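The structure's right below; bear with me while I get my questions together.
The values are calculated or read from the model by the stated rules, or taken from the named source; none is laboratory data. In this text the structure is predicted, and so the values were computed from the model without any measurement. Cβ: placed from backbone, ideal geometry, glycine included. Neighbour counts: every protein chain shown. For the accessible areas, the whole protein counts, side chains as well, though only heavy atoms, and no ligand, DNA or RNA atoms are used. Shrake-Rupley method; radii C 1.70, N 1.55, O 1.52, S 1.80 Å.
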Amino acid sequence: MRTRQALERTLASIDGRGYGSYKQLHGTYDLGLFRLAVDHVQVDPYAPPSKARAVLDLDATGLPADLIDTARKRVAVSDFLTRRCHEAARKATDGDRAVSFGTPGQEILPRTSVLIADDRVEARFEVSLPARGRRVLGRVAADVLTGTVPRIVESSLRYDNLDAEALRAHVELHLDQEHLRARLGERGLVAFVGDGAILPRRSGDSDLPMSDGATPFASPESLRVSFDLPSGRTVTGMGVPEGVTVVVGGGYHGKSTLLRALERGVHSHVPGDGREWVITRHDAVTVRAEDGRAVTGVNISPFITGLPSGTDTTRFTTTNASGSTSQAANLVEALEAGASLLLIDEDTSATNFMIRDELMRKLVPADREPITPFVDRVRPLYEELGVSTVLVAGGSGAFFAVADHVIALDAYVPRDVTDAAHAITDGPRETPAERAAEDATRVFAAEARRVPAANSLRPKNKTKPAKARGRGAVQYGTDTIDLGAVAQLIDPAQTTAIAHILDRLADLLDGRRSLHEAVDEIYRRIERGGLDALSPHSGHPGQLALPRRHEVHAALNRYRGLRITMRD
Ligand SMILES: Nc1ncnc2c1ncn2[C@@H]1O[C@H](COP(=O)(O)OP(=O)(O)OP(=O)(O)O)[C@@H](O)[C@H]1O
Ligand SMILES: [Mg+2]
């Protein structure tokens, strides 16, 4: 290990030389409180920034043992420390982002930015090494590496300099949210929306809470439940029961806002977000129409059969799905990935996938219509597979008859209007027993899991590792996998992780493993080796955040090179 003086000498000696001289920085330096590891040096000022780590002995951080003795607590502490580093870096560099620890959003996700290991804490950052033209600015670089970075580390990673109460509250909140999520099932619920929650966001392009004028959430009396949490806190709010729940209400009354909050409720939220107590089952998946996407070997026959083209819909494959077929594929793929709750908004749905009204049923005979609409399948989904649905439908009463619960939003205030809705339609259409008697064949057959062909993820056109392009796309060879419509992929760092996962999956697909089993194996590796295990680099793993398996499936399913050989 080299000394601080060695680092300063090197920087002084390369000052004014060609940018490539920065390569000499590669290595580890003892900076007293911590070790600075320079893992990757950028080749020129315009290349992606250099990567370095600040490594502290655990003792040097002073973090109390009881805050980091479980994996879950470590996730929360790591999240807290990442945010402190991020703020300190922003202040120290006047927002020019010369030093970056990633930009965490409102969710608490497992991340690589701060690693808490048994013996040490590592903060992983990116640093743009300064230049004039293509010349090294050695003295400025010395300021950053031996001045700015140590100040960030000192203020953000030493317990003595942290707001201890805020840290403890952060950890407690995360544990409470996770606890509540784990208890939903035993209470027969799929989601919980706490009284007082602030669901609307500041603007369409901000995930921060609406600052003023928001109507806090207040549960209808009939659906109110309460939870006692590990911190000693008790929260009350609306419990959304298993089964079929329909959200109705006038335009602009907050329906989509509620659904979007539920879609984000699969993750914990930071204090002050407003959605801390919006908790959804971790395996809830948003299902929407996405015309134009590719679909490979998906059995959409529960919804669509007898296409005019004669296409087999038990192994539906297309390079250009329509509105209805894309939504059907999204739904069936969500089931394959293990969803137990589907979230559907009319705003992003194909109308003909969702409903068909009586007039249309009269005009177009059933045998000319390939689609069995979702309204006819939503009950078998629940009764055969145990998969619940929360659905926004402000424009049609068609779902009243199949809903277990109907919630009306009136100027952002929810009311339970189940009885009124059932009165209009003479009650639920049929009971499960009646349905079973009348139709013993299942709509959703036990599904054979899809097996990708061995070389599916090894196209000839791919010579470089997969690469994330922002939140919504992965570059895979010459293909771009479009993830723009995958609503629950929320952070570019998750997309980066997905890119690495696809590269790992390429080795796992052997023509025998199903897609599901291959993804299982990836999550076992993460369980054992942490998120770092995904990265091909030793040292700095890059800025990664953990995606759910559902988003990994979503990426694979949207890859246009995917080849499926059915499991027999
Ligand atoms: N609780 C609330 N307090 C204040 N404003 C809210 C609240 N909930 C939602 N809003 C705001 O109201 C507007 C409409 O909300 P939203 O898009 O959810 O309506 P909607 O019922 O889905 O409408 P549409 O039927 O037209 O799709 C948005 O700008 C949203 O931010
Ligand atoms: Mg809406």
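Give the residues of region 240-278 that are more than 10 Å from ligand 2 (Cβ to nearest atom), in contact with a Lys or Arg (Cβ under 8 Å, 6 or more places away or on another chain), farther than 15 Å from A182 by Cα and open to solvent by less than 30 Å² (accessible area, probe 1.4 Å), sorted by residue number.
Across region 240-278, the qualifying residues are V244, V248, A261, H269, V270, R275.
All but one of (1) surrounded by fewer than 17 Cβ atoms within 10 Å (Cβ to Cβ); (2) in contact (Cβ under 8 Å) with a residue 12 or more places away in the chain; (3) under 19 Å from H537 (Cα atoms) hold for D507; which doesn't?
Unmet condition: (2).
If we only count helices (runs of 4 or more DSSP H) wholly inside region 316-394, which ones have 3 or more residues that are at pLDDT 95 or above?
Of the helices (runs of 4 or more DSSP H) lying wholly inside region 316-394, those with at least 3 residues that are at pLDDT 95 or above span 323-336, 351-354, 378-385.
Let me ask another. Filter region 3-25 for residues that are closer than 19 Å to L56 by Cα and surrounded by 14 or more Cβ atoms within 10 Å (Cβ to Cβ) and give the result.
Residues satisfying the conditions are R4, L7.
Hey, another quick one. Need at least 3 residues that are among the polar types (S, T, N, Q) per element, so show me which strands (runs of 3 or more DSSP E) inside region 1-117 make the cut, counting only ones lying wholly within it.
On the way: elements: 27-30, 35-40, 50-57, 114-116.
The strands (runs of 3 or more DSSP E) meeting that bar number zero.
Which residue, of S231, S268, S222, is within 15 Å of L184 (Cβ to Cβ), modelled with pLDDT of 95 or more and among the polar types (S, T, N, Q)?
S268
Being within 17 Å of V406 (Cα to Cα) and more than 14 Å from ligand 1 (Cβ to nearest atom) is the filter here; which residues of region 238-274 pass it?
Answer for region 238-274, where residues must be within 17 Å of V406 (Cα to Cα) and more than 14 Å from ligand 1 (Cβ to nearest atom): G239, V240, P241, E242, G243, V244, T245.
Additional query: Hey, any hits in region 272-283 for a residue that's closer than 30 Å to R449 by Cα and of a type in the set (A, V, I, L, M)?
yes
Now a separate question. Where the second residue is outside any loop (DSSP other than H, G, I, E, B) and open to solvent by 10 Å² or more (accessible area, probe 1.4 Å) and the first is closer than 18 Å to P536 by Cβ and lies in region 28-41, which pairs have Cβ atoms under 8 Å and are six or more apart or on separate chains?
Here the result reads A37/G27; A37/T28; A37/R53; A37/V55; D39/K51; D39/R53; H40/K51; V41/K23, each pair linking region 28-41 to a residue that is outside any loop (DSSP other than H, G, I, E, B) and open to solvent by 10 Å² or more (accessible area, probe 1.4 Å).
Across region 47-57, what is the total count of residues that are under 30 Å from the mean Cα position of the chain (by Cα) and either open to solvent by 30 Å² or more (accessible area, probe 1.4 Å) or farther than 17 Å from Y159 by Cβ (or both)?
7
For region 166-191, what are the residues that are in contact with a Ser or Thr (Cβ under 8 Å, 6 or more places away or on another chain) and in a strand (DSSP E or B)?
Matches in region 166-191: V190, A191.
Right, another one. Would you be able to tell me the number of residues in region 369-424 that are within 16 Å of ligand 2 (Cβ to nearest atom), of a type in the set (A, V, I, L, M) and open to solvent by less than 40 Å² (accessible area, probe 1.4 Å)?
The number of residues fulfilling the criteria is 7.
Can you name the residue in region 76-98 that is of a type in the set (K, R) and free of Cβ contacts under 8 Å to residues at least 24 places away in the same chain and, of all such residues, is least open to solvent (accessible area, probe 1.4 Å)? First the steps, then the outcome.
Taking region 76-98 and keeping what is of a type in the set (K, R), we get 83-84, 90-91, 97.
The next check asks that each one be free of Cβ contacts under 8 Å to residues at least 24 places away in the same chain; those that pass are 90-91.
On the way: R90: 137, K91: 159 Å².
Here the residue is R90.
Report, ordered by the first and then the second residue, all pairs with beta carbons closer than 8 Å, sequence separation of six or more or different chains, a first member in region 215-238 that is open to solvent by 50 Å² or more (accessible area, probe 1.4 Å), and a second member that is aliphatic (A, V, I, L, M).
T215/A411; T215/V413; P216/A197; P216/I198; R224/M238; S226/V235; P230/L175; T236/V225
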